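Novice: The structure is given below, and queries will be raised subsequently.
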Amino acid sequence: MYRVWNFVTNYSLLLIAGAIIALIWANIDADSYHHFVEFVIWDHAPIGNLHDGHRTLTLHYLVNDVLMAFFFAIAAKEVWEAVILENGSLRGKKAATPLIATVGGMVGPISVYLGIAYFLGSETYSAVANGWAIPTATDIAFSYLVGRMVFGAGHPAVRFLLLLAIADDAAGLIILAIFYPSGELAPEWLLLSVGAALAVFILCNWLPRKRDAGNQDRPHSTWMASTLGVWPYLLAGCVSWYGFQEAGIHPALGLLPIVPTLPHADRAFGIFSEAEQYLSDLLNKAEHMLKHPVEVILFFFGLLNAGVEFNAIGDATWLVLAGLIIGKPVGIFLMGWIAAYPLKLGLPAGMRSIDLVVIGFVAAIGFTVSLFVASVAFEPGMVQDAAKMGALFSFGAAVLSIMAGKMTRVEKQDG
């Protein structure tokens, strides 16, 4: 049984609340809002390079660069289980068509975004080109909720959408790491992150299991899990985060190397599944521990990033929207159709080709990750604000999804 409303309540309503408060605040008193966003928490001589480039730790930096690492860790956990587990959702032929459709769902928005920008002239293109990844994002929680509204819980298109969204998240993390460095690249510092991951995996995961070989009581693994719990992994995460920052890669991705090192169950019931709360492996325990803190983090993320004045609407706004509401459906339909028919990989039983278009509109809800990419793609200013407005307006894709479902005569299947 899937409880989408619980998930959306847990991870999205506070985010929406933060975003709405930010929009209202920024349009009533922009000066006080921006003063709040850049509130200085620590303004002392740095230890190493712990601060941002201004030798200060601001509220915005704390949330976007430090605390959002926990949000991306949860996303990475879902991707990791989908890939590594024997019955993972992104393994085997069943995932082939969604994975290929995901490629279309990224190439399509990029092509539309950069293509329109090119025709608007070289000046506009130069100003907005770095935001090409903003419309590639898909907000899993909101897209899944809308997908259920359009197709019904039991429709095969909903599972297809989930697979596509998880794969989109994985690709988005890679894009953020490679194309949006937070500073001058110094890749040798990644050895620190890799070393931390290897050390905690060997000492706290592999070695206890090795010593427990043949012993069903698993005393060493049990002691490690019950006594030390997630603390060694959190310590390794801090070291990895620092390695990412010093390497010039966005530090919000700093926990990604640590996620695969946590002991995990041999099965997963899937994202949004009620059953996953009963899994007692350390990976799922860590996710449960992070649940409520991440809710608060997402509230502050919305509050600190969505405060855009309406007069900031500009070219980047419409480019992001065009990439999402044109590029996503076209790209997903074309690549999904190629995978299903010329490549003979097929579609899930009960799903029509035209459903790919509807899925494309649902996947065009970018919001959370689109907002994050906009905040790192551009320096603070009019272009960044315009791009953020496009990410916020992507909620309109929900209305387009419902309309597309009606026009294509989608038959809802409850389950």
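Novice: Could you figure out which of (1) within 30 Å of Glu379 (Cα to Cα); (2) in contact with a helix residue (DSSP H, G or I) (Cβ under 8 Å, 6 or more places away or on another chain) isn't true of Met149?
Specialist: (1)
Novice: Considering only the stretch 65-129, give the helices (runs of 4 or more DSSP H) lying wholly within it that have at least 2 residues that are in contact with a His (Cβ under 8 Å, 6 or more places away or on another chain). So that I can check it myself, show each step before the final result.
Specialist: Details: elements: 68-84, 96-119, 122-128.
Output list reads 68-84.
Novice: Provide a single number: the residues in the stretch 165-185 that are touching a residue at least 60 places away in the same chain (Cβ under 8 Å) and exposed (fewer than 13 other Cβ atoms within 10 Å of the Cβ).
Specialist: Residues in the stretch 165-185 being touching a residue at least 60 places away in the same chain (Cβ under 8 Å) and exposed (fewer than 13 other Cβ atoms within 10 Å of the Cβ): 2 in total.
Novice: Further, regarding this structure: Which of (1) modelled with pLDDT of 90 or more; (2) assigned by TED's automatic domain parsing to the domain that holds Ser143 is the odd one out, the single condition Ala197 does not satisfy?
Specialist: It fails just one condition, (2).
Novice: Kindly indicate which of Thr102, Thr138, Thr124 is farther than 24 Å from Lys291 by Cα and surrounded by 24 or more Cβ atoms within 10 Å (Cβ to Cβ).
Specialist: Values: Thr138 fails: farther than 24 Å from Lys291 by Cα; Thr124 fails: surrounded by 24 or more Cβ atoms within 10 Å (Cβ to Cβ).
Only one candidate qualifies: Thr102.
Novice: Just give me the residues in the stretch 217-232 being in a helix (DSSP H, G or I) and of a type outside the set (Phe, Trp, Tyr), in sequence order.
Specialist: Going residue by residue through the stretch 217-232, those that are in a helix (DSSP H, G or I) are 219-228, 231-232.
Correct list: Pro219, His220, Ser221, Thr222, Met224, Ala225, Ser226, Thr227, Leu228, Pro232.
Residues checked against (1) on the phi > 0 side of the Ramachandran plot; (2) out of contact with any Lys or Arg (no Cβ under 6 Å at 6 or more places or on another chain); (3) at pLDDT below 95:
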position: Gly323; (1), (2), (3): no, yes, no
position: Val330; (1), (2), (3): no, yes, no
position: Gly350; (1), (2), (3): yes, yes, yes
position: Asp355; (1), (2), (3): no, yes, no
position: Ala387; (1), (2), (3): no, yes, no
position: Ser401; (1), (2), (3): no, yes, no
position: Thr408; (1), (2), (3): no, yes, no
position: Gln413; (1), (2), (3): no, yes, yes
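Here is a yes/no grid of residues against (1) of a type in the set (A, V, I, L, M, F, W, C); (2) modelled with pLDDT under 85; (3) touching a helix residue (DSSP H, G or I) at 6+ places or on another chain (Cβ under 8 Å):
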| site | (1), (2), (3) |
| --- | --- |
| Val79 | yes, yes, yes |
| Ile84 | yes, yes, yes |
| Gly88 | no, yes, yes |
| Gly92 | no, yes, no |
| Ala96 | yes, no, yes |
| Leu99 | yes, no, yes |
| Gly108 | no, no, yes |
| Ser111 | no, no, yes |
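Novice: Here is a further query. Would it be correct to say that Ala167 is at pLDDT below 90 and in contact with a helix residue (DSSP H, G or I) (Cβ under 6 Å, 6 or more places away or on another chain)? Even if it seems obvious, please write down each step before you answer.
Specialist: Working: at pLDDT below 90: yes; in contact with a helix residue (DSSP H, G or I) (Cβ under 6 Å, 6 or more places away or on another chain): yes.
Against the criterion (at pLDDT below 90 and in contact with a helix residue (DSSP H, G or I) (Cβ under 6 Å, 6 or more places away or on another chain)), Ala167 qualifies.
The values are calculated or read from the model by the stated rules, or taken from the named source; none is laboratory data. From a predicted model like this one, the values you see are computed outputs, not experimental measurements. All Cβ positions, glycine included, derive from the backbone under ideal geometry; neighbour counts span all protein chains shown.
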